[in-house]
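Working notes for the structure below.
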Amino acid sequence: MESIRNYKSVSLWQRYQNSYLSYFFMYNFYYLSWALFGALISVYLMGMGFKASEVSLVVSSSFLTSLITQPIIGKWNDQYNLKKVNTVLFVIAIVGGLVFMLSCHLIMIMISYSVVLMSINGVNPIMEKIATASPYQYGKIRIWGTIGYALGSQLAGLLYERISPQSIFIVFVFTMFLCILGLLGTQPHMQKQSQNVEKVKTRDILKNKKFLYYLLICGLFYGVTYMSNTFIPSMLTDKGLDVGITSTVLSIAVFCEAPLVLLSSHFMDRLSNKTLLMIATTMVCVQCGVYGLDMPMWMTVIVTFLVKHPAGMLFIMINLKVVNTLIDEKHQITALAIVATLKNLVSIIFQNAAGYILDMSSYSYLYMICLICMVISLLLVIFFKIDRGNEKRLFS
C-alpha cells in the first residue's frame, strides 16, 4: 500500500515538472511579489515617520547594491545550476523581507531593502531567458508576469489599508515560496555547459563593439523610462488628478502591455532587431513630447496607457532578441546581467538629475530634456548595423 502511495506521489511531481502550471507559479508570483514589496515603499516608510530624503536614500542604496551584484549573479547563472542559484536568491529575499518588516532603524531598513531588491533584480534576466527557453510560447508564459505585477500593486494597497502595513511583507514571504515552487518545477531547454568550460569573463563580452553600441542605446532608453516611471504619478497629481484616480490610471496602464505580450509570437520573430528598436524608441519619444508640451489631461492619460508599460515590455523582449543575436548562447546570461547592471547605473544618474531639474524647474522642462535624449537614442538606432535576428525563433 505504501509503495502505491509513493508511486502516486512521484507520478504527481513528475507530471508537474515542466508543466504550464509550474511556469504560471514562477512568473505570476515572482512579479506579484516584486510589486507587493516595492509598490508602496515610499508610503510605508513615510508612514513610519521617515523623511522623503531618507526614503530616497533607501531606494538609491538598493540600486547601488544591484549595480554591484548583478554581474556576479549573471556569472553564477552561466557557470552553475540556474535553479539552485536562483532558489538561494529567492530564499535570501524571503529572509530580507522578514528582517525589513521587523526593522525600525534606517540602517537596518536600508540593508534589508537592498538585500531583497538585489535578489529580485538579480534573478530578473534569467527569468526572462527562461520564458524563451520553455516549451510554451513566450507570450503565454510572460503574460502571467504582467497580471501578477498588476495584482501585486493592487493587493499591496488593500493590505495596507484594510489590515496593516506589515501584513504586506507576510504575504510577500508566502508568495515568494509559491514562486520557488514554480521555479523548482521548470525545466527550460537551455544549453548545458561542461565542467571544463572556460569561465565567463565580462571583459570578453565587452570586446564586442556592436554590444557596446547597443549598451549606449539601452542606457538612454532605460535612463529615461525608469526615471519617468518614478515621476509620472507625481506629474499626474501635479496636473490635477487626485491620488485615487492616479492609482487607477497606473493600474490600467500595467494591463495595457498584456496584448503586446500575448501577440509577441506574431511579430517578435518576424520584425528585425532594428525595426523593433525604432518602434520602442519612437513610442517613448511621443510620450516625452506629450508630457513636455503639457498637452491636455485626456491626451496625457491616453499616452500613459499606450506607452508607459507597453514600451517597457517591448524593450524587455527586444533585449532578449538583440542579446541572442550579438552574443553566443553560453555567455548570454552574463550579457543580460551587464544590461541589467547598466540599467541600475543609469537609473541612479537619471533619478538624481531629474530631482535636481524638478527642484529648479517644471515637469514640462524635464520631459523636453528627456525627449532630446530619446531623439539621440533613435538616431543611434538608425545607424545601428545589426543583423535581423530572425534565424532563432525565441517567441514562437
>> Tell me the per residue accessible area of the stretch 85-173 using a 1.4 Å probe; a whole number in Å² is fine.
In response: 38
> Ordering Asp238, Asp269 by how much accessible area each has at a 1.4 Å probe, largest first, what is the list?
Replying inline: Asp238, Asp269
> Tally Lys and Arg at +1 and Asp and Glu at -1 over the other residues with C-beta under 15 Å from the C-beta of Met235: what net charge comes out?
Replying inline: -2
>> Using only the Cα atoms of the stretch 117-159, what semi-axes does the equivalent ellipsoid have when each is the square root of 5 times a gyration tensor eigenvalue? Give whole Å, largest first.
In response: 23, 15, 5
> Over the stretch 80-150, how many percent of alpha carbon pairs lie in each 5 Å bin up to the one with the longest distance?
Replying inline: 3, 16, 19, 19, 18, 13, 8, 4, 2, 0
>> So if I place +1 on the C-beta of Lys and Arg and -1 on the C-beta of Asp and Glu, and nothing else carries charge, what would the dipole magnitude of the chain be about its Cα centre? I want it in debye, nearest 20.
In response: 1240
> Under 15 Å Cα-Cα from Lys209, which aspartates and glutamates qualify once same-chain neighbours fewer than 8 residues away are excluded?
Replying inline: Asp328, Asp387
> Can you give the accessible area of Trp144 in Å² (nearest 10), computed on protein heavy atoms with a 1.4 Å probe?
Replying inline: 70
>> Heavy atoms only, 1.4 Å probe, whole protein assembly: order Lys83, Lys140, Lys129 by accessible area, highest first.
In response: Lys140, Lys83, Lys129
> At what distance in angstrom do the alpha carbon centres of the stretch 232-284 and the stretch 154-171 lie from each other?
Replying inline: 26
>> Can you show me the helix-derived [θ] at 222 nm for the chain, built from DSSP H runs with n ≥ 4 at -39,500 (n - 2.57) apiece and divided by the number of residues, rounded to the nearest 500.
In response: -26500 deg cm²/dmol
> Based on the Kirkwood radius over alpha-carbon pairs, what is the Stokes-Einstein translational diffusion coefficient of the chain at 25 °C with 0.890 mPa s viscosity, in µm²/s?
Replying inline: 112
> Here are some pairs, Lys140/Lys321; Lys84/Lys129; Lys83/Lys210; which of them have Cα atoms lying more than 22 Å apart in this structure?
Replying inline: Lys83/Lys210
> Could you sort Thr275, Thr132 by accessible area so the largest value comes first, with the probe set to 1.4 Å?
Replying inline: Thr275, Thr132
>> Below 13 angstrom from the Cβ of Arg393, what's the summed charge of the other residues (Lys, Arg +1; Asp, Glu -1)?
In response: +2
>> Under the rule a/c < 1.5 gives rounded, and otherwise a/b versus b/c splits prolate from oblate, where does the stretch 229-281 land using the Cα gyration tensor?
In response: oblate
> Once the dipole of the chain is set up with Lys and Arg at +1 and Asp and Glu at -1 on Cβ about the Cα centre, which of Gly289, Thr248, Met374 lies farthest towards its positive end?
Replying inline: Met374
> What helices in the chain pass both tests, a Cα length along the helix axis of 24 Å or more and a mean Kyte hydropathy of -0.5 or higher, using whole DSSP H runs?
Replying inline: 20-38, 52-79, 82-102, 106-133, 138-162, 167-185, 209-238, 273-292, 309-326, 332-360, 363-382
> When N counts the residues of the stretch 240-396, how does its alpha-carbon radius of gyration compare numerically with 2.2 N^0.38 Å, as a ratio?
Replying inline: 1.14
> Within the stretch 86-107, whose backbone N sits under 20 Å from a point 7 Å along Cα→Cβ of Met48?
Replying inline: 92-107
> Which value, in Å² and to the nearest 10, is the accessible area of Lys308 when all protein chains are kept and the probe is 1.4 Å?
Replying inline: 30
>> Need one value: the accessible area of Leu345 in square angstrom, 1.4 angstrom probe, rounded to the nearest 10.
In response: 70
>> Output needed: percent of Cα pairs per 5 Å distance bin for the stretch 330-396, bins running from 0 to the one holding the longest distance.
In response: 4, 12, 12, 17, 20, 13, 10, 7, 4, 1
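The values are calculated or read from the model by the stated rules, or taken from the named source; none is laboratory data. Please read these numbers as outputs of a predicted model, since none were measured by experiment. Don't worry about glycine lacking a Cβ; one is built from the backbone with ideal geometry, like all the others, and counts go over all protein chains shown. Just the protein is used for accessible areas: all its heavy atoms, side chains included, with ligands, DNA and RNA removed. Shrake-Rupley method; radii C 1.70, N 1.55, O 1.52, S 1.80 Å.
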